[in-house]
Amino acid sequence: NAYESVFQPMASSEELECFDKYAHFFVGKPRKMKRIFNSYMVNRYIANKRNPGMPSDSVFYKKLLKFTILLEQWPYRMAWMLLVVENLQQEIEIIESDKGIVFSLIGESLMSLIERMLIMQDLTIAQY
């Protein structure tokens, strides 16, 4: 088909399924939905350039879509949450450097950061 050879879809069928799955989180006007879609496409393009060959159905792209939706729908809340994570990472690095421990926090989840902070202060999540 000549049409298919000239025009290719921007998103794979797996990505469209994910968009459909998370569409109920889209709050607002059609322009906002278009912005989320376009932001995801730019993010995906950058990710493909940094790590070529990643399949479009990988877990990374599903997480990237969720993260893009969160950033676009609730930018101030996400900025605050990222600031909290950064502060936790810095605080743990300071505490561990005082104890002579060297540990990389890159890629550590928020829950594991909170758990480590509580352990350092002899507390547990169950106490909260």
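Only residues that are open to solvent by 70 Å² or more (accessible area, probe 1.4 Å) and either closer than 14 Å to M10 by Cα or not β-branched (V, I, T) (or both): list them for the stretch 37-54, please. Across the stretch 37-54, the qualifying residues are V42, Y45, K49, R50, N51, P52, G53. Checked against (1) touching a residue at least 12 places away in the same chain (Cβ under 8 Å); (2) part of a helix (DSSP H, G or I), I46 meets all criteria but (1). Taking each residue of the stretch 1-24 that is more than 18 Å from S39 (Cβ to Cβ) and modelled with pLDDT of 70 or more and looking for partners that are open to solvent by less than 40 Å² (accessible area, probe 1.4 Å) and part of a loop (DSSP other than H, G, I, E, B) with beta-carbon atoms closer than 7 Å, six or more apart or interchain, yields nothing.
Hey, could you check the stretch 55-79 for residues that are of a type in the set (S, T, Y) and part of a helix (DSSP H, G or I) and say which is modelled with the lowest pLDDT? Only one residue tops the list, namely Y61.
The values are calculated or read from the model by the stated rules, or taken from the named source; none is laboratory data. Here the structure is a predicted model, which means the values were calculated and not measured. As a convention, Cβ positions derive from the backbone with ideal geometry for all residues, glycine included, and neighbour counts pool all protein chains shown. These accessible areas exclude ligands, DNA and RNA; they are computed on the full protein's heavy atoms, side chains included. Shrake-Rupley method; radii C 1.70, N 1.55, O 1.52, S 1.80 Å.
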